Amino acid sequence: RSSLRPCVEADLHVLAEDAFGKVATAVKGELNVAANEYALLGRMNAVAGEKYAEMGKVVAGLGVFMNSLRQKDEALAPYLKQLNDIDMQVAELEGVVAALDRHTGALEGRFRKLTIPPDASLW
């Protein structure tokens with residue numbers, strides 16, 4: 001029995017070293033996977049940061065454009081009011097013209113009655 005013991009211990013030692021080596025390889029593989037995932041997340045974060053920076057520039061540009069449009073709208077407001085006033089005046093004038101037209105038609109009818117002698121219809 002004692003002669004078998006050193007062989008068994010040697011085999012156990014070899015098997016233990018092999019097992020520890022395989023466990024170490026597995027742990028290294030898991031650590032590499034985690035490191036690769038963190039590297040990928042870092043790159044994704046950098047890309048997202050660039051996109052957000054671009055969007056910030058676009059939003060800033062839109063803000064400037066909006067302010068420009070607001071200033072133009074404020075500058076045009078008096079002219080738009082004048083156009084509305086003119087439109088209302090034209091509508092009033094159209095009403096006056098229509099009333100004058102009706103009145104003129106009525107006056108023409110009276111004038112014909114007064115200027116055409118009653119006997120002229122018999123001729």
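Annotation: for a label point projected 7 angstrom from Cα along Cα→Cβ of Val58, no residues of the range 3-43 have a backbone N closer than 19 Å. Calculated accessible area for the chain comes out at 94 Å² per residue, all protein chains present (probe 1.4 Å; ligands, DNA, RNA ignored).
Could you state the angle between the C-alpha long axis of helix 4-115 and the longest principal axis of the C-alpha atoms of the chain, as a value from 0 to 90 degrees rounded to the nearest 10? The helix 4-115 is inclined about 0 degrees to the chain. When nucleic acids and ligands are ignored and a 1.4 Å probe is applied, Glu30 ends up with an accessible area of around 130 Å². Taking a straight line from the alpha carbon of Lys72, these lysines sit under 19 Å away, with near neighbours fewer than eight places off in the same chain left out: Lys81. Could you please report the charge total around Gly95, scoring K, R as +1 and D, E as -1 over all other residues with beta-carbon less than 14 angstrom from its beta-carbon? Net charge around Gly95: -3. If each Cα of the chain is one equal point scatterer, what is log10 of I(q)/I(0) from the Debye formula at q = 0.16 Å⁻¹? Treating every Cα as an identical point scatterer, log10 I(q)/I(0) equals -1.02. Within the accessible surface of the range 46-96, defined with a 1.4 Å probe on protein heavy atoms only, the carbon and sulfur portion equals 67 percent.
The values are calculated or read from the model by the stated rules, or taken from the named source; none is laboratory data. Keep in mind it's a predicted model, so treat the numbers as computed, not measured. Counting neighbours? That spans all protein chains shown, and the Cβs are built from the backbone with ideal geometry, glycine included. The protein model used for the area step is the full one, side chains on, heavy atoms only, and it has no ligands, DNA or RNA in it. Shrake-Rupley method; radii C 1.70, N 1.55, O 1.52, S 1.80 Å.
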